[in-house]
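The values are calculated or read from the model by the stated rules, or taken from the named source; none is laboratory data. The shown structure was predicted, so the numbers you read here are calculated from the model rather than taken from an experiment. Here Cβ is always computed from backbone atoms with ideal geometry, including for glycine, and neighbour counts include all displayed protein chains. Ligands, DNA and RNA are excluded from the accessible area calculation, which covers all protein heavy atoms including side chains. Shrake-Rupley method; radii C 1.70, N 1.55, O 1.52, S 1.80 Å.
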Amino acid sequence: MHEQPPSFLLRLRPEQLRSLTWMVHQEADSAPLTVLYRCFWRRELASQEAPRSLALDWTLDCRIITSFAPRGGVLADEIGYGKTALAIALIDVRQQESLPEMPAEDDGFFFPCPATLVCVPSHLHSQWVDEFAKFTGKKYTILRLCRDADVKKATVRKFLEADIVLCDYQLFRGQAYSARRQELCEKAGLSAPKSDVEEWERKRKFRQVPLETLQCGTWNFLRQPEQHPWAANL
């Protein structure tokens, strides 16, 4: 049974601590997950009239084995069990853990940010803010992204200073998010492709803009932030 989260103002119930124990284990356990995919074919005995070489029984057993180092899981407790509180408890318990290592192929293309990203539907955004205040008081700095205006005002510094980034996931489908990505690409001199055809085609083509477009801008920004066109967004 896991101990109470260090910054919690309210105590979790024993059954919640049991779930928290599993969640912490899922985040920290490095044991590999082995997946086996198996295909099996068998040919029945052919008729006696078939050539001898084709009249034989045969079986083909194909197996593919691979291993992963998974993290996380699905918390599927019943409604009213306190799943939001448990998610906040997991963040609180692991807040002092060191950041995971950046993969070598991504090093230099992303900002190392210690904040935890929480994506929620719009109708639960305020509830999560209230739950953080209820259980942790003013312990954590929360960057709220729930409206288009929040996306426009967001800067790198705000993300780096935040402990929690609470985001309405619908924003990723909105015009403001797409326009912000387009703006950053154009400022860096890396204009994303546009299309003069119908609206759906324009959006489809924009979503096909490779991530490398923004990664290149980030690479240059991290090396010369003051001289970079993104300096105003710092």
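Can you tell me the length gained on complete extension of the stretch PHE159 to GLU97, counting 0.36 nm per residue apart and subtracting the Cα distance?
On the way: separation 62, 0.36 × 62 = 22.32 nm, distance 1.84 nm.
Length gained between PHE159 and GLU97: 20.5 nm.
Largest first, how would TRP41, TRP219 line up by accessible area (1.4 Å probe)?
Sorted by accessible area, descending: TRP41, TRP219.
Can you compute the modelled spin-label distance between VAL74 and LEU9, with each label point 7 Å from Cα toward Cβ, in nm?
Spacing of the two 7 Å Cα→Cβ label points: 3.4 nm.
Compute the distance in nm between two label points, each set 7 Å from the Cα along the Cα-to-Cβ direction, one at ILE64 and one at CYS216.
3.3 nm
With every protein chain in place, what's the accessible area of PHE172 (1.4 Å probe, Å², nearest 10)?
90 Å²
Mind giving me the nanometre distance, one decimal, between the label points for TYR81 and ALA176, set 7 Å out from Cα along Cα→Cβ?
According to this spin-label approximation, the distance is 3.4 nm.
How big is the convex hull of the Cα atoms of segment 66-116, per residue, in Å³? Don't skip to the answer; put the middle values down first.
Numbers: hull volume 6.5 nm³, N = 51.
It is 128 Å³ per residue.
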